[in-house]
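The values are calculated or read from the model by the stated rules, or taken from the named source; none is laboratory data. A quick note: this is a predicted structure, and the numbers were derived from the prediction, not measured. Every residue, glycine as well, gets a Cβ built from its backbone with ideal geometry; the counts of neighbours run over all protein chains shown. These accessible areas exclude ligands, DNA and RNA; they are computed on the full protein's heavy atoms, side chains included. Shrake-Rupley method; radii C 1.70, N 1.55, O 1.52, S 1.80 Å.
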Amino acid sequence: MKKVLLVVLISILFGSMSLFAQLESQWRGENRDGKYDNEKLLKKWPSKGPKLITTISNLGHGYSQPAVTDSRIFVTGMADETGYIYAFDLAGKQLWKKAYGKEWARSYPGARVTPTVTKDKIYLVSGFGEVVCFDKKGKKLWSVDMIKKFNSPNIRWGITESPLVNGDVLYCTPGAKDASVVLLNRHTGKTIKKIKINGQTSTYCSPRIINHNGRKIVVTMLAKSLVGFDLKTNKVLFQAEHETRYDINPNTPLYHKGYIYSVSGYGTGGQLFKLNKNGTKLTKVWEDEELDSQMGAAIIVDGYIYGSGHKNRNWKCIDFKTGKMQYESRKLGRKGNIVFADGMLYLYSEKGDVALVKPNPKKFEIVSSFRLKEGTGEHWAHPVIKKGKMYVRHGDDLNIYNIAR
């Protein structure tokens with residue numbers, strides 16, 4: 001019995017390792033949950049904020065976070081209605097700049113996509129649904145127009161998705177009637193599989209993979225629902241209603257100890273679901289309208305959920321098990337996005353406040369903060385933390401700070 005258990009554990013371990021071994025950077029960290037592991041960071045910043053190492057300017061319009069690897073920074077921007085991807089070294093020196101196609105120049109114009117970077121390639125999706133693949137030197141290898149190929153509609157503020165990689169497969173969400181999600185060969189762009197779920201459109205959400213009792217499941221949001229399908233068989237396992245005004249569900253669902261948490265803005269708020277043992281059924285545990293993060297996501301730490309509201313503004317903490325509100329605070333711009341590293345929360349408000357906050361379910365405990373003034377437009381890009389540095393994008397500027405201990 002012990003030998004059988006050991007074999008199972010080893011297979012799960014190596015399955016997880018193979019999943020992430022090829023990935024160098026992607027949306028909101030290794031697990032797409034906003035947590036940046038294995039960091040040793042300052043527990044308090046100087047009064048004026050952490051040391052600014054450099055500012056990379058002239059990126060064009062954009063709200064995307066950078067993709068940071070051990071040696072490179074990749075980031076997207078828009079100029080003259082054309083989307084560009086830039087490559088920099090870690091000192092901020094530009095290595096190359098390449099156009100990837102027409103980008104979103106309508107309401108809230110700018111590049112939306114955080115590139116997904118593997119050891120050999122870079123992937124992105126434009127606001128007009130074009131999936132593009134580059135090599136590490138900036139050569140465009142292939143592209144697929146999802147709207148044309150899969151007869152999918154675009155959405156109110158443009159397709160917004162960081163594509164998901166697993167093995168040789170690239171997962172994208174055209175939101176077509178007969179192709180809610182598509183599997184592409186990541187080396188060629190050739191269609192491997194179309195997955196029909198419920199005919200709903202895409203909804204600005206980036207999918208993720210969870211490991212539930214050894215079963216790997218792709219989880220994402222569609223216009224009116226939370227959905228999941230088996231990574232191996234592509235069989236749809238579950239879907240649950242999750243409706244918002246304008247069909248906006250941008251936040252990647254969170255997974256914790258057999259439970260899935262989905263949250264959106266406009267007063268819809270969050271829902272906690274329990275997955276049955278084999279991952280085929282969702283049971284709603286609670287729902288909460290107060291923490292209604294529009295696109296700033298949320299973080300689960302030590303049994304509590306931290307984030308900010310949208311219609312119901314303020315920074316909030318709720319109990320993971322019960323959904324009960326622990327506190328709410330009007331400080332720090334009242335709403336924004338949130339990530340986590342080395343035991344601390346990192347907040348970036350829509351007013352430009354950047355703060356280091358201690359996870360404390362009893363009170364909103366700001367340790368350090370500063371106001372980011374450089375850059376243009378909305379403060380919407382999620383911060384990235386990598387090897388003791390914090391990357392904060394504000395429009396056409398990317399600011400890099402030293403936060404290492």
Peptides ranked, highest mean first, by Cβ atoms within 10 Å: ranges 294-306, 59-71
59-71, 294-306
Direction-averaged shadow area of the convex hull around the Cα atoms of segment 129-220, nm²?
6.3
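State the three equivalent ellipsoid semi-axes of segment 337-380, derived from the C-alpha gyration tensor as the square roots of 5 times its eigenvalues, in descending order and whole Å. Walk me through the numbers on the way to the answer.
Numbers: eigenvalues 91, 19, 16 Å².
Semi-axes, largest first: 21, 10, 9 Å.
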Starting from the coordinates of the alpha-carbon atoms of segment 246-405, obtain the Kirkwood hydrodynamic radius over all distinct pairs and give the value in Å to one decimal.
16.1
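List the chymotrypsin sites (Phe, Trp or Tyr not before Pro) within segment 241-275 that DSSP assigns to loop and that have no more than 11 neighbouring Cβ atoms inside 10 Å. All intermediate terms of the calculation are to be shown ahead of the outcome.
Values: sites: Tyr246, Tyr255, Tyr259, Tyr261, Tyr266, Phe273; in loops: Tyr266.
For chymotrypsin sites (Phe, Trp or Tyr not before Pro) across segment 241-275 that sit outside H, G, I, E and B with at most 11 neighbouring Cβ atoms in 10 Å, the list is empty.
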If you roll a 1.4 Å probe over the heavy atoms of the protein chains, what accessible area per residue do you get for the chain, in Å²?
43
Where Cα atoms sit under 17 Å apart: lysine pairs in segment 23-133 separated by 8 or more or lying on different chains
5
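Rounded to the nearest 20 Debye, what is the dipole magnitude of the chain about its Cα centre when Lys and Arg each give +1 and Asp and Glu each give -1 at the C-beta? Could the numbers behind the result be given before it?
Values: 64 positive and 37 negative charges, 163 e Å.
With Lys and Arg at +1 and Asp and Glu at -1, about 780 debye.
Under 8 Å for C-alpha pairs, at least 6 residues apart: give me the relative contact order for the chain, rounded to a whole percent. Provide the component values of the computation, followed by the final result.
Values: 1099 pairs, mean separation 59.9, N = 405.
Here the relative contact order equals 15 percent.
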Report the convex hull volume per residue for segment 37-143, counting only C-alpha atoms, in Å³.
131
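Taking all protein chains together and a probe of 1.4 Å, list Thr82, Thr283 from the most accessible to the least accessible. Provide the component values of the computation, followed by the final result.
Values: Thr82 40, Thr283 75 Å².
If we order Thr82, Thr283 from most to least accessible, we get Thr283, Thr82.
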Cα gyration tensor category, rounded, prolate or oblate, for segment 251-290 with a/c compared to 1.5
prolate
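Compare the peptides 330-343, 355-368 by average per-residue count of other Cβ atoms within 10 angstrom and give them in order, highest first.
Working: 330-343: 20.1, 355-368: 16.8.
The packing order, highest mean first, is 330-343, 355-368.
Please give me, ordered by residue number, the GluC sites (Glu not before Pro) of segment 50-152 that lie in loop per DSSP and have at most 16 other Cβ atoms within 10 Å. The partial results should precede the final answer.
Details: sites: Glu81, Glu103, Glu130; in loops: Glu81, Glu103.
Here the sparse-neighbourhood loop sites are Glu81.
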Calculated diffusion of segment 178-324, Stokes-Einstein form, Kirkwood radius summed over Cα pairs, 20 °C and 1.002 mPa s, µm²/s:
138
Given (1) 78, 58, 43; (2) 118, 61, 41; (3) 53, 49, 48 as possible values of Cα extents along the principal axes in Å, the one from the coordinates is (3)
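What percentage of the solvent-accessible surface of segment 313-405, computed with a 1.4 Å probe over protein heavy atoms, is contributed by carbon and sulfur atoms? Present the calculation step by step, with values, prior to reporting the outcome.
Numbers: 1610 of 3670 Å².
After summing per-atom areas, the C and S share lands at 44 percent.
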Separation of alpha-carbon centers, segment 213-280 and segment 339-405, rounded to whole Å:
27
When only DSSP loop residues count, what trypsin sites (Lys or Arg not before Pro) in segment 186-224 have their Cβ near at most 15 other Cβ atoms within 10 Å?
Lys190, Lys196
What 222 nm value per residue comes from the helices of the chain, counting each DSSP H run with n ≥ 4 as -39,500 (n - 2.57) and dividing by all residues, nearest 500 deg cm²/dmol?
-2000 deg cm²/dmol
